[in-house]
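The block underneath contains the structure these notes are about, expressed in C-alpha cells.
The values are calculated or read from the model by the stated rules, or taken from the named source; none is laboratory data. Note that this is a predicted model, so its numbers are computed, not measured. Here the Cβ positions follow ideal geometry from the backbone for every residue, glycine too, while neighbour counts run over all protein chains shown.
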Amino acid sequence: MDTDFKEDIKIDEYALDKEWIKQPRLFAGYCEELANVDRDVVKAKEKLEVVKAELLRDIINDPGSYGLEKTTQAMIDAVIITEGRFIEAQSYLNTLLYEKNMIQNAVRAMDMKKSALENLVKLHGQNYFSTPVSSPEHQEAVHELKKDSAREIVKDRKRSRRRED
C-alpha cells in the first residue's frame, strides 16, 4: 500500500455508500502497513545494536586500526558513530522511523475520514444537502406551482359538486 494517503482521504460526498464500502479496506490496509513497518523498525534497531557491538569489539581488540592509542568510553563512542556501517544502519533506522510516522498519520487520517463520513451521513439524513428555494426565480416557480395546485383543487371540488347535483 502506498503511504501517500492524500487521495485515500478524499471523500466523494455524492457517493457516501461507496465511500463507506471502501473505508474498512483502506483502514485495514494502512493498519497492516503500520504493523509491517513497525516490525522492520524493531529489526533495524536490533541490526544497529549488532553493528555497534561488533564495532565496540573491533575497537577494543585493535584500537590502533581506528587511530586510537588508548581507549576510553567517550573515544570508543566517537569512533563508533563515525563508522560507515554504523552511519548506514542508523540512516536506515531513521528512514523506517519516518515511514512509520507517515503511516501512523495515514491511520489517524483514515480514522478522521470515518468520523467525517459519519457526520456527512447525519447531515444527509437531516436534508442538509437539499437545495433551498432562495433565488427569485425559484421562489416564482414555487409560487406558480402552488397557484396551479390551488386551481386544480378548486376544479376538483367543482367537479365533485356537479356530480353530487
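What to note about this one:
- Matching residues, region 57-71, being of a type in the set (A, V, I, L, M) and part of a helix (DSSP H, G or I): Ile59, Ile60
- Some residue of region 125-143 being on the phi > 0 side of the Ramachandran plot and modelled with pLDDT of 75 or more: yes
- Meets criteria (of a type in the set (Asp, Glu) and not assigned by TED's automatic domain parsing to the domain that holds Tyr98) for Asp4: yes
- Checking each residue in region 72-116 for being of a type in the set (D, E, K, R) and in a helix (DSSP H, G or I) picks out Asp77, Arg85, Glu88, Glu99, Lys100, Arg108, Asp111, Lys113, Lys114.
- Only residues that are in contact with an Asp or Glu (Cβ under 9 Å, 6 or more places away or on another chain), without any contact (Cβ under 8 Å) to a residue 40 or more places away in the chain and either farther than 30 Å from Ile80 by Cα or outside the structural domain of Met102 (by TED's automatic domain parsing) (or both) were counted in region 11-52, giving 4.
- Evaluation of Ala44 against (1) farther than 30 Å from Met112 by Cβ; (2) surrounded by 16 or more Cβ atoms within 10 Å (Cβ to Cβ); (3) not charged (D, E, K, R) (one fails), failing number: (1)
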